[in-house]
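First comes the structure, then the notes that go with it.
The values are calculated or read from the model by the stated rules, or taken from the named source; none is laboratory data. Values in this document were obtained by computation on a predicted structure and should not be read as measured data. Backbone-built Cβ (ideal geometry, glycine too); neighbour counts: all protein chains shown.
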Amino acid sequence: MHKSSFKGTSRFQKFLNGNGFYVAIAACLLAIGGVAVALVGQTLFHDTSEGVSQPPISTAEPVEQIVTNQPDDRTTTTATTTATTTTTAAQPDLYVLPCGNLVQKSFSGGAPVYSATMKDWRVHNGTDYSGEDGQTVRALARGTVSAIEEDPLWGEVLVIDHGVEVLSRYCGVHATVKVGDTLDAGDAIGKLTSIPCEAAQAPHLHVEITVKGELVDPVSVLGLDVRYEEGAAPTTGAAKSTQSAQ
C-alpha cells in the first residue's frame, strides 16, 4: 500500500514537472483578472462615505430657456432711435430774421455814412430790415425782455438779453410783450412803427446787437441769407464798432 501511494505521488510530480509552468501562468492570470474586476467594481460603484466625491451635478438651465430670457436687442435699438429722432426734431431754431430778409441799410462797422433824415454823416450801428407798418417783429434768438423804452431819436425801443453778455436792440417796435418775459427765437415781440431819426427811409426795423458791450454786425452774427436793396450792401469788412450813433 505504501508503494501504491508513492507511485501516485510520482505521477503527480511528473505532471507538475511537465505542466507546472503553465499552471503557474494560469494562476497568475486569474489573480490579475480578479484584481482588475475588483478595481472596476470600485470605480463604478464607489462608496461616497469613504470620501470619494460624486461626479458634479449640473445646475445650468436648459439652453432653450436661457435664450428665451434674453432681451430683444432689436426692440431696444428701435426705441432708442425713435426717441433720438423725436428729440432732434423738437429742437427750436437758434436764430431767425426779425423782420424779413431784405436789408435796406447795412451795419457800417464804425465808418460814417450819410443820413438822409439828419442831413449829415454818422455811423450806422445796426442793420435796417425793410418791412411794412404794423408788421410783426420777432425775437432773433432766445432770451428775456430786459427793457422797453421810448427814445426821442429811435422811437419805441425793446431790448432782449440773450445771456452770455449778448443783447439785441429793436428800434421802431411797439411792444406786445413786457419786461421779464422769456422768449424763444421767432416769438412775436411787437409791431413795426416809425423811427424819428430815420424817418426819410421807407418803413423798416433797425436792429443792433452787442457782444460784451461791443456792437457787431447783425447779419454776420445771425448767419442767415439776406438780400440787399440797391446800394445797401456793406462796403466795409468791419464786423463791429464801439462807437455810438449820433
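So the values come out like this:
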{"read-out": "Residue that is farthest from LEU205 (Cα to Cα) [pool: residues in the stretch 92-119 that are assigned to a strand (DSSP E or B) and in contact (Cβ under 8 Å) with a residue 12 or more places away in the chain]", "value": "SER115"}
{"read-out": "Residue count for the stretch 197-236, restricted to those that are assigned to a loop (DSSP other than H, G, I, E, B), at pLDDT 95 or above and over 13 Å from LEU97 (Cα atoms)", "value": "9"}
{"read-out": "Near pairs, Cβ below 6 angstrom, 6+ apart or cross-chain, from the stretch 198-227 (over 14 Å from SER130 (Cα atoms)) to any residue that is part of a helix (DSSP H, G or I) and not charged (D, E, K, R)", "value": "ILE209/PRO218; ILE209/VAL221"}
{"read-out": "Selection status of SER194, surrounded by fewer than 20 Cβ atoms within 10 Å (Cβ to Cβ) and not in a helix (DSSP H, G or I)", "value": "yes"}
{"read-out": "Residue match in the stretch 124-143 (condition: acidic (Asp, Glu), surrounded by fewer than 18 Cβ atoms within 10 Å (Cβ to Cβ) and more than 19 Å from GLY223 (Cβ to Cβ))", "value": "yes"}
{"read-out": "Residue that is touching a Cys at 6+ places or on another chain (Cβ under 9 Å), β-branched (Val, Ile, Thr) and assigned by TED's automatic domain parsing to the domain that holds VAL216, where the choices are THR127, THR136", "value": "THR136"}
{"read-out": "In the stretch 163-179, the residues that are in a loop (DSSP other than H, G, I, E, B) and either among the β-branched types (Val, Ile, Thr) or not assigned by TED's automatic domain parsing to the domain that holds THR193 (or both)", "value": "VAL164, THR176, VAL177, VAL179"}
{"read-out": "Some residue of the stretch 183-190 being more than 40 Å from the chain's Cα centre (by Cα) and either free of Cβ contacts under 8 Å to residues at least 60 places away in the same chain or surrounded by 17 or more Cβ atoms within 10 Å (Cβ to Cβ) (or both)", "value": "no"}
